[in-house]
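The values are calculated or read from the model by the stated rules, or taken from the named source; none is laboratory data. A quick note: this is a predicted structure, and the numbers were derived from the prediction, not measured. FYI the Cβ positions are ideal-geometry reconstructions off the backbone, even for glycines, and counts take in every protein chain you see.
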Amino acid sequence: MQNQLNELIDKYKTETISVDDLESDLVFLINTKFYYGPDNGFSIEEYNEKQTQLKKINLKVFDDESSGRTRVLGSEVLRNFSRYETYVADVLAMYQKYNKQIPSYPSYFWLRPIMYSKKANQEITFSWHDTFDEAQRILESLSGNIEGTLYSDLEQGWEVYAAKKGDKFIVWEDGFDQGGLVAAMTTKYEDMLVKFNKTMELTKQLQEKLNDRFGKLFAFK
């Protein structure tokens with residue numbers, strides 16, 4: 001792992017940006033529409049036709065995705081929890097209205113950790129992870145406070161690697177399907193450790209609040 005770290009440092013040394021505003025949070029994916037058609041064997045036209053608008057919720061948007069979803073930070077969800085409750089209740093009502101079975105982890109409720117720097121205009125997204133438990137495991141790894149590799153994951157043309165080297169935290173995201181390096185940042189690890197611990201507590205609070213309100217719907221792994 002140490003050899004891999006040194007190789008990555010050398011490989012990305014010209015692209016890695018030193019930042020002083022790297023933040024840690026969760027990001028929730030909020031759908032604007034509900035699909036009520038068949039779960040399998042549908043065409044793109046049918047998918048587009050069989051959607052109904054969900055209630056608009058007044059949450060501050062982190063940004064919009066092109067897939068009909070917006071992203072909202074977990075800190076914003078906690079500040080305005082009742083508004084996210086309204087969104088969840090609306091989605092569940094749609095499942096009932098259209099007699100659709102709720103899957104084990106509905107895409108309407110996906111969330112994941114995020115690190116972002118506004119100054120560098122870069123973010124680390126953990127795009128292949130969607131649940132509270134996955135988020136908590138990632139954050140526990142990032143807050144491990146050990147020299148060398150803290151977190152490494154390769155999934156379907158996407159890779160994130162995070163490490164501690166001396167007093168520095170270094171993180172890269174490589175999107176092979178997107179033509180190469182997506183983000184490369186470094187900052188003080190002691191600052192990030194405080195932020196990772198706060199995000200872990202945020203993750204725990206939100207999961208507990210949602211489970212209290214909606215049963216074990218948000219207990220999926």
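Within the stretch 88-107, identify whether any single residue is within 19 Å of the chain's Cα centre (by Cα), more than 30 Å from I170 (Cα to Cα) and modelled with pLDDT of 95 or more, and answer yes or no.
yes
Pull up the stretch 119-161, narrow it to residues that are surrounded by fewer than 18 Cβ atoms within 10 Å (Cβ to Cβ) and of a type in the set (A, V, I, L, M, F, W, C), then point me to the one that is nearest to Y189 (Cα to Cα).
The qualifying residue nearest to Y189 (Cα to Cα) is I146.
Inside the stretch 113-149, can you point out the residues that are of a type in the set (F, W, Y), touching a Leu at 6+ places or on another chain (Cβ under 8 Å) and within 22 Å of I9 (Cβ to Cβ)?
The one that is of a type in the set (F, W, Y), touching a Leu at 6+ places or on another chain (Cβ under 8 Å) and within 22 Å of I9 (Cβ to Cβ): Y116.
So which of E140, E159, E147 is at pLDDT below 90 and acidic (D, E)?
Step by step, each of E140, E159, E147 is checked, and only E159 is at pLDDT below 90 and acidic (D, E).
I146: in contact with an Asp or Glu (Cβ under 9 Å, 6 or more places away or on another chain) and of a type in the set (A, V, I, L, M, F, W, C), yes or no?
no
Among the residues of the stretch 30-43, how many are in contact with a Ser or Thr (Cβ under 6 Å, 6 or more places away or on another chain) and not in a strand (DSSP E or B)?
Within the stretch 30-43, residues that are in contact with a Ser or Thr (Cβ under 6 Å, 6 or more places away or on another chain) and not in a strand (DSSP E or B) number 0.
May I ask you to verify whether L111 is in contact with a strand residue (DSSP E or B) (Cβ under 7 Å, 6 or more places away or on another chain) and in contact (Cβ under 8 Å) with a residue 40 or more places away in the chain?
Yes; evaluated as a whole, the condition is true for this residue.
Answer yes or no: is there a residue in the stretch 78-86 that is of a type in the set (A, V, I, L, M, F, W, C), in contact (Cβ under 8 Å) with a residue 12 or more places away in the chain and buried (at least 17 other Cβ atoms within 10 Å of the Cβ).
No, the stretch 78-86 has no match at all.
Need a quick list: strands (runs of 3 or more DSSP E) entirely within the stretch 44-142 having at least 1 residues that are over 27 Å from E155 (Cβ atoms).
Filter on the stretch 44-142 gives 51-53.
Can you tell me how many residues in the stretch 169-179 are closer than 15 Å to N6 by Cα and either aliphatic (A, V, I, L, M) or loosely packed, with under 14 Cβ neighbours inside 10 Å (or both)?
Number of matching residues: 2.
Out of curiosity, is L29 aliphatic (A, V, I, L, M) and under 28 Å from L150 (Cα atoms)?
It is true that L29 is aliphatic (A, V, I, L, M) and under 28 Å from L150 (Cα atoms).
Please work out if D153 is of a type in the set (D, E) and assigned to a strand (DSSP E or B).
yes
If you scan the stretch 162-178, which residues turn out to be part of a strand (DSSP E or B), of a type outside the set (V, I, T) and modelled with pLDDT of 90 or more?
A162, A163, K164, K165, K168, F169, W172, E173
Residues to consider are D39, D10, D25, D20; find the one that is among the acidic types (D, E) and in contact with a helix residue (DSSP H, G or I) (Cβ under 6 Å, 6 or more places away or on another chain).
Among D39, D10, D25, D20, only D25 is among the acidic types (D, E) and in contact with a helix residue (DSSP H, G or I) (Cβ under 6 Å, 6 or more places away or on another chain).
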